[in-house]
RNA sequence: GGACUCGUAGCUCAGCGGUAGAGCGCUGCAUUCACAUUGCAGAUGUCAGAGGUUCAAAUCCUCUCGAGUCCACCA
């Protein structure tokens, strides 16, 4: 053995033998306690980042339960990541001097497919580098035919149940990316914009968006506002930049009398609050901004101007005509932006498919309230409830091509819609909706969709699908930032479709930040690639460093000292093994070399006081580590193991035993270390495998050894 | 406007009701035979502040101050 552990020479080979061994596949048997996790599918088109490396938590759980003897499934997948991927592809097109509008739908889809296909596999080999014991035979892609079929079925069922409806409503629209978004995809930024006080006949009102005034179909005040009582319900004559006009005054609770003058203009087609006011008071929605972000001919001579240009132009004319009372230049407010390209989101009226969320949210709330689903750490329950209790209907239409096309057809003659499970309706006059589903709509079905579409297996003469066997899954482990985007939606749709919870426990990890505690981002240029760290420190060390010293659900700053410490720890393990191996040669013990000595058998073997002591302490360690794993206290389990192996086992016990080593104490030394390796295996799979085989002189993998008890 | 997290040794963070902990750093010593990616010994903290509950509080409660995050959304 070398003096130093060289991970570069070991990890690749070990992973290969694991994969060939078939141990990643669950050993299905009847009446066993099952364990399953569906991997949150990484974007098929992008390299892994630290968020994915945190899935090491799942590998720890999977390896632990596999060793405990459960049929254990960890199912990998890849996400087509609809808008994300199309966004990247369009950037690529732009670099070639092209745009998506240069191609028809079919060609564009195929081009993105090929683009993704070219990058496929990268992410998968990276998951292998991390040592993840995923069952690659069950790999799924979100655009697999059978997955699409299941998504169609769900949509059709929702439609038939009246949970999906088509409506012209205001949506968050990015005029640059040319698609609408759900509420979650809008980010807000604090901005300082001028607040214009505009004269509307006898009234004055404040707005930051004078360019939308062509879409005004009313003026609103608070019902209790005494100043304006006399106008309520009446039409007032106003002077506008396009000449004189009449406009109705309504009273609505949502108006804040403290804001501005207490009067607001109502522009139902371009503001969410105004849309609602419009609905309540029968004010028509007049769209004056088009989907290209420019004003249309309803804006008279301002038609063709962008929103920004129009604002300046309108203000200028109002100034000239004395229609502007004053301008507050220091007005602070928050502006909605496209989460991807940061363009100002334009609320625009668009016909879309919506999912009614309230009936879905209720059972999802109950499932957690009743404890059928548990969330770890507990504090995230609040965020979950808060989201579900205030949920709004979900816009699931996206105006892109990269995704699952919505199986809805419109009759060009009657205008009626028909929803199917994917097949085109008979007859000539049907035209399919050109939109695709929001990626999260299909992702919400991932746990049951993946299992339903896996091949059946024979279990005790019974043909069972993975769905029948494994569902509901045991754990959904992911970053807390997608609790609402994904986890909550999986619970809702899972409960709706399968009538069962999709998973029993939700385990949430925190973010990995850069060494200074800053969020990693491409624009800041502080992104660290986990694969580079694996090259440098080894996968075991990277895994260990990510778990060690950070409580579940907390963010952590990437720490090089910690990585180094973890790497040194692997070296320590290596040298403990070297010592034991060396002593074996000199002592040449003839007694039973069995690997599976239990701690109790070991206890009976112990004669010397210190041998008894180390066995006793190991016994306690087993209990502690097991308990911490069951409670998802991964950091504590890791810290306890590190401390025990290094400072108790190596520093104290080995230092003591090395001077009095005999046949008997050697057995204690040897077998108790094998127990430690097994305890450590879920955290550091590669080196523990290597050392286990070195010491036991057997071909048997530590992966399928029994968890110490 | 609501909610959450964090504030513990120089730095990064565990601990979350029973005599202050780890990693890195620091000081001194050791070392041909498992390991310098080492060992031994050691220094370093009114656990942000103020009140309260308790036999006992870094740990529970209230408030204050600082750092950060999320949600709602203002026309």
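The values are calculated or read from the model by the stated rules, or taken from the named source; none is laboratory data. On a predicted model such as this, the values are computed, not experimentally measured, just so you know. Every residue, glycine as well, gets a Cβ built from its backbone with ideal geometry; the counts of neighbours run over all protein chains shown.
Some notes on this structure:
- Restricting attention to segment A:250-266 and to residues that are near RNA strand B (Cβ under 8 Å from one of its atoms) and in contact (Cβ under 8 Å) with a residue 60 or more places away in the chain, the residue that is nearest to residue A:225 (Cα to Cα) turns out to be A:260.
- The set of residues in segment A:1-30 being within 16 Å of RNA strand B (Cβ to nearest atom) and assigned to a helix (DSSP H, G or I) consists of A:7, A:8, A:9, A:10, A:11.
- You will find that of A:493, A:506, the residue that is at pLDDT 95 or above, in a helix (DSSP H, G or I) and at negative phi is A:493 and no other.
- Only one of the numbered conditions (1) within 14 Å of RNA strand B (Cβ to nearest atom); (2) free of Cβ contacts under 8 Å to residues at least 12 places away in the same chain is violated by residue A:218, and that is (2).
- For the condition in contact (Cβ under 8 Å) with a residue 60 or more places away in the chain and in contact with a strand residue (DSSP E or B) (Cβ under 7 Å, 6 or more places away or on another chain), residue A:372 does not qualify.
- Residues in segment A:509-538 that are assigned to a loop (DSSP other than H, G, I, E, B), more than 14 Å from RNA strand B (Cβ to nearest atom) and either closer than 26 Å to residue A:13 by Cα or in contact with a strand residue (DSSP E or B) (Cβ under 7 Å, 6 or more places away or on another chain) (or both): A:528, A:529.
- Residues being surrounded by fewer than 18 Cβ atoms within 10 Å (Cβ to Cβ), in a strand (DSSP E or B), touching a strand residue (DSSP E or B) at 6+ places or on another chain (Cβ under 9 Å) and modelled with pLDDT of 90 or more are entirely absent from segment A:267-283.
- Within segment A:545-568, residues that are within 17 Å of residue A:7 (Cβ to Cβ) and without any contact (Cβ under 8 Å) to a residue 24 or more places away in the chain reach partners that are assigned to a helix (DSSP H, G or I) and more than 6 Å from RNA strand B (Cβ to nearest atom) with beta carbons closer than 8 Å, at six or more positions or on different chains, in the pairs A:545/A:537; A:545/A:563; A:545/A:566; A:562/A:545; A:565/A:545.
- Qualifying helices (runs of 4 or more DSSP H) (wholly inside segment A:49-149; at least 1 residues being touching a helix residue (DSSP H, G or I) at 6+ places or on another chain (Cβ under 8 Å), in contact (Cβ under 8 Å) with a residue 60 or more places away in the chain and closer than 26 Å to residue A:421 by Cα): A:82-95, A:105-119
- Residue check, residue A:689 modelled with pLDDT under 95 and either within 13 Å of RNA strand B (Cβ to nearest atom) or in contact with a helix residue (DSSP H, G or I) (Cβ under 8 Å, 6 or more places away or on another chain) (or both): no
- Condition broken by residue A:227, with the remaining ones in (1) within 16 Å of RNA strand B (Cβ to nearest atom); (2) in contact (Cβ under 8 Å) with a residue 40 or more places away in the chain; (3) surrounded by fewer than 17 Cβ atoms within 10 Å (Cβ to Cβ) satisfied: (2)
- The residue list A:488, A:551, A:541 contains one member that is outside any loop (DSSP other than H, G, I, E, B), over 23 Å from residue A:128 (Cα atoms) and within 12 Å of RNA strand B (Cβ to nearest atom), which is A:488.
- Hey, residue A:546 assigned to a helix (DSSP H, G or I) and more than 8 Å from RNA strand B (Cβ to nearest atom) or not: yes
- Pairs where the first residue, in segment A:570-583, is touching a residue at least 60 places away in the same chain (Cβ under 8 Å) and within 15 Å of residue A:646 (Cα to Cα) and the second is near RNA strand B (Cβ under 6 Å from one of its atoms) and assigned to a helix (DSSP H, G or I), C-beta under 6 Å, 6+ apart: A:572/A:646; A:576/A:650
- Boolean, residue A:453 is touching a helix residue (DSSP H, G or I) at 6+ places or on another chain (Cβ under 7 Å), more than 24 Å from residue A:184 (Cβ to Cβ) and in contact (Cβ under 8 Å) with a residue 12 or more places away in the chain: yes
- Residue selection: residue A:159 satisfies the criterion of being touching a strand residue (DSSP E or B) at 6+ places or on another chain (Cβ under 7 Å), modelled with pLDDT of 95 or more and closer than 26 Å to residue A:395 by Cβ.
- Flag: residue A:365 matches the condition of being surrounded by 15 or more Cβ atoms within 10 Å (Cβ to Cβ) and either in contact with a strand residue (DSSP E or B) (Cβ under 6 Å, 6 or more places away or on another chain) or over 19 Å from residue A:208 (Cα atoms) (or both).
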